[in-house]
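Chemist: This is the structure I have questions about; it appears just below.
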Amino acid sequence: MLVFIFRRILILIPTLLGVSIIIFLMLRITPGDPAELLLGERATEEALHEIREHLGLNEPLYVQYGKFIKRLMKGDLGETIWSRQKVWIEVKERFPATIELSVAALFISCFFGIIFGIISATRPYSIFDYLSMLGALIGVSMPIFWLGLVFMLIFSVNLGWLPLSGRLSVGIDLEVITNFYLLDAVLTKNWAALKDAIWHLIMPAITLSTIPMAIVARMTRSSMLEVLRQDYIKTAKAKGLSQFMVTFKHALRNALIPVVTTIGLQFGVALGGAILTETIFAWPGVGKWMFDAVMKRDYMVIQGGTLFIAAVFVVINLVVDVLYAVINPRINV
Amino acid sequence: MKKNRPQKSPEDRHPLLDQLSQLWRNKTAVAGLIIVAGFVLMAFFAPALSPHNPNDTSLYDQLKPPFWAYGGSDKNVLGTDDLGRDILSRIIYGARVSLIVAVVSVGLAFALGTLLGSISGYYKGALDNVIMRIMDIILAFPYLLLAIVVVAYLGPSLENAMMAIGITYVPRFARIVRGSVLEECEKDYVMAAKAVGAKDWRIIFIAILPNCLGPLIVQTTLSFASAILDAAALSFLGLGAQPPTPEWGAMIARSRALILRASWVMTFPGIAILMAVLGFNLLGDGLRDALDPRLRD
């Protein structure tokens, strides 16, 4: 097992290096002067000179890359162009918001996805099965940026049930400790803020959960169908066990093994989808921050943010792989 | 003379045609095919079908609701946007934009992916390793992020969005083709082709690849669906189609400011995206049932 994990981590290194090379090269091989790209067309000659010195843009590419990697090793993602703040500090401030949103979305999608998948698989080709699989197909085809706006229109504008955007209402005070608002509210026993934070979380989380939910439901159904066909299930039924026991105790355990992998991969989908969802709901996470950076052409933020998100994604994939090996006794590692 | 011609037996039919003929029995596939055909026709005959020019603005017809709502009229069936442009016409022309985007970006991914995948699978060894590691690197970026970043550097435009989407889709094609080529290379006919001295490219493109078409067709169809979705998302973020191009995602982006006053401006382009993507997904699912022998019972 340890050897497997070690090997898996070793593969991670060339991938991350490759990611860093791509991100490094993007700024340098884009047509035009990178310094001008960074500062805009109206930058003064001194400012251009300064940024060239600062980033070493006059040196050969491999020297530049060496310095780039050296800084990365120290956890230095550079400085933002507009606010002149460390990119890393900005990421740290915003990442909890994205995690909060993604985890909530994944929780919703797993809960409903698995339930719908199981019911569909136990009643294959029934009307429920057709409807839920059609629903799942619509789910994967959904433009979530549009769905988010439709939710806003219905639940905020027309019905007034849920807040339009943001993470907290104006006037609600919350002592920020971890930047996970739900956690902070619980830690400080601030129940009013907790309720308000949950209220703000519902719409973006459901929006973001659409595609993963559909994928989890489809995966659970097909995996469950496969397991239910096997002999040991017949044995269990022949022993006289109830349908419930057979489904949930015997079948579900094995059926969920491939589903776990799918769920892990959906985290990446959620991280990407967060850019759309956060932009719509003005959710102050990494996604909206990246989008704002694209609009402001702050390439240092784009570069640092992309590296960070890609690294998180790669590590999650690693964890999923290891987890898959742990829960699947048939894989001998 | 006619009598001497050998009779065609059912076995002589290309297996792919045989599998495709099963498609008609698959309700999902037929439903998908109908929707897709609808959009293709819409795109093709856009000038004839749309009641107005999609870019004609009208000062007097700003924010007209659809015909069934109070204040709506038959002149603008689905209403107008804030510049008085006819929404139905823009949606019809939008089908053109979305289908072109899908064809170009998936075509790019298909060509590059097939080339890299067959090189990888045929020559194996170090070359295979390098190519597949590069594919892994592309896959290390979460969905949509790489496309957004590429467009951020190249500058927002529909052409760059197509290219960005195309690049991010290369690995899926490369992986499928590599797997199939690896499998086919073990078979006798490849050995025979090598024995008669056929050139490598001939073996790959004429002998092997036609036998890997099934999974490729499925992947292409499903990729059309996600390309339409991703292109709409990029345009929604302002990174794809630029005004005044009638593109569905861009239409939704513009309607955001009007959400309190005119919800129809936002509603219909979204339904168009959903239907087009759903059509390709249905067709892709049906094709997979028909063409992928591994998934057939």
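The values are calculated or read from the model by the stated rules, or taken from the named source; none is laboratory data. Since we're looking at a predicted model, the values are computed, not measured. A quick note on method: Cβ atoms are made from the backbone with ideal geometry, for glycine too, and the neighbour counts reach across all protein chains shown. Accessible surface is based on the protein model in full, side chains and every heavy atom, while ligands, DNA and RNA are left aside. Shrake-Rupley method; radii C 1.70, N 1.55, O 1.52, S 1.80 Å.
Chemist: Among the numbered criteria (1) away from every other protein chain (no Cβ under 11 Å); (2) out of contact with any Pro (no Cβ under 6 Å at 6 or more places or on another chain), which single criterion is violated by residue A:164?
Modeler: Going through the list (1) away from every other protein chain (no Cβ under 11 Å); (2) out of contact with any Pro (no Cβ under 6 Å at 6 or more places or on another chain), residue A:164 breaks only (1).
Chemist: I'm trying to understand the selection: among the residues of region B:208-221, which are open to solvent by less than 20 Å² (accessible area, probe 1.4 Å) and among the polar types (S, T, N, Q)?
Modeler: Of everything in region B:208-221, just one residue is open to solvent by less than 20 Å² (accessible area, probe 1.4 Å) and among the polar types (S, T, N, Q), namely B:221.
Chemist: Sticking with this structure for a sec: When the residues of region A:217-261 are filtered to those that are assigned to a helix (DSSP H, G or I) and charged (D, E, K, R), which remaining residue is least open to solvent (accessible area, probe 1.4 Å)?
Modeler: Filtering first and then ranking leaves A:221.
Chemist: When you scan region B:179-297 for helices (runs of 4 or more DSSP H) that lie fully inside it, which ones turn up with 1 or more residues that are modelled with pLDDT of 90 or more and more than 12 Å from chain A (Cβ to nearest Cβ)?
Modeler: Passing ranges, in order: B:213-236.
Chemist: Which of the residues that make up region B:138-171 are open to solvent by less than 20 Å² (accessible area, probe 1.4 Å) and either at the interface with chain A (Cβ under 7 Å from one of its Cβ atoms) or in a loop (DSSP other than H, G, I, E, B) (or both)?
Modeler: Correct list: B:140, B:141, B:142, B:144, B:145, B:148, B:149, B:152, B:153, B:155.
Chemist: Here is a further query. Residue pairs, Cβ under 9 Å, 6 or more apart or interchain, first in region A:1-22 and farther than 15 Å from residue A:73 by Cα, second at pLDDT 85 or above and loosely packed, with under 12 Cβ neighbours inside 10 Å. List them.
Modeler: Within 9 Å, no pair qualifies.
Chemist: Tell me which residues, restricted to region B:50-99, are under 21 Å from residue B:37 (Cα atoms) and not in a loop (DSSP other than H, G, I, E, B).
Modeler: Across region B:50-99, the qualifying residues are B:88, B:89, B:90, B:91, B:92, B:93, B:94, B:95, B:96, B:97, B:98, B:99.
Chemist: So in region A:40-58, with the set limited to residues that are of a type outside the set (Ser, Thr, Tyr) and assigned to a loop (DSSP other than H, G, I, E, B), which one is least open to solvent (accessible area, probe 1.4 Å)?
Modeler: A:56
Chemist: On to the next question. Do you know which residues across region A:262-274 are more than 8 Å from chain B (Cβ to nearest Cβ), open to solvent by less than 30 Å² (accessible area, probe 1.4 Å) and within 17 Å of residue A:144 (Cβ to Cβ)?
Modeler: A:266, A:270, A:274
Chemist: Restricting attention to region A:1-39, and to residues there that are outside any helix (DSSP H, G or I) and open to solvent by 40 Å² or more (accessible area, probe 1.4 Å), which single residue is farthest from the other protein chains (Cβ to nearest Cβ)?
Modeler: Looking at the filtered set, the residue picked out is A:1.
Chemist: Take the residues in region A:123-156 that are open to solvent by 50 Å² or more (accessible area, probe 1.4 Å) and in a helix (DSSP H, G or I), then tell me which one is farthest from the other protein chains (Cβ to nearest Cβ).
Modeler: A:128
Chemist: What is the one condition in (1) more than 14 Å from chain B (Cβ to nearest Cβ); (2) assigned to a helix (DSSP H, G or I); (3) free of Cβ contacts under 8 Å to residues at least 60 places away in the same chain that residue A:206 does not satisfy?
Modeler: Among (1) more than 14 Å from chain B (Cβ to nearest Cβ); (2) assigned to a helix (DSSP H, G or I); (3) free of Cβ contacts under 8 Å to residues at least 60 places away in the same chain, residue A:206 violates only (3).
Chemist: Now for a separate question. Based on this model, can you work out whether residue B:82 counts as surrounded by fewer than 20 Cβ atoms within 10 Å (Cβ to Cβ), within 30 Å of residue B:183 (Cβ to Cβ), touching a helix residue (DSSP H, G or I) at 6+ places or on another chain (Cβ under 8 Å) and among the acidic types (Asp, Glu)?
Modeler: no
Chemist: Could you tell me whether any residue of region A:63-81 is within 14 Å of chain B (Cβ to nearest Cβ), surrounded by 15 or more Cβ atoms within 10 Å (Cβ to Cβ) and β-branched (Val, Ile, Thr)?
Modeler: Looking for residues that are within 14 Å of chain B (Cβ to nearest Cβ), surrounded by 15 or more Cβ atoms within 10 Å (Cβ to Cβ) and β-branched (Val, Ile, Thr), one finds at least one in region A:63-81, hence yes.
Chemist: I would also like to ask the following. Of all residues in region A:280-294, which are open to solvent by 10 Å² or more (accessible area, probe 1.4 Å) and in contact (Cβ under 8 Å) with a residue 12 or more places away in the chain?
Modeler: Matches in region A:280-294: A:282, A:284, A:288, A:289, A:291.
Chemist: Further question on the same structure: Condition (residue is within 9 Å of chain B (Cβ to nearest Cβ), within 22 Å of residue A:112 (Cβ to Cβ) and under 12 Å from the mean Cα position of the chain (by Cα)) applied to region A:276-283: is it met by at least one residue?
Modeler: For region A:276-283, residues within 9 Å of chain B (Cβ to nearest Cβ), within 22 Å of residue A:112 (Cβ to Cβ) and under 12 Å from the mean Cα position of the chain (by Cα): present.
Chemist: Now for a separate question. Quick check on region B:222-258: of everything there that is more than 19 Å from residue A:142 (Cα to Cα) and hydrophobic (A, V, I, L, M, F, W, C), which residue is most open to solvent (accessible area, probe 1.4 Å)?
Modeler: Applying the filter and picking the extreme gives B:257.
Chemist: Looking at region A:190-202, is at least one residue of a type in the set (Lys, Arg) and either closer than 30 Å to residue B:255 by Cβ or buried (at least 19 other Cβ atoms within 10 Å of the Cβ) (or both)?
Modeler: No, region A:190-202 contains no residue that is of a type in the set (Lys, Arg) and either closer than 30 Å to residue B:255 by Cβ or buried (at least 19 other Cβ atoms within 10 Å of the Cβ) (or both).
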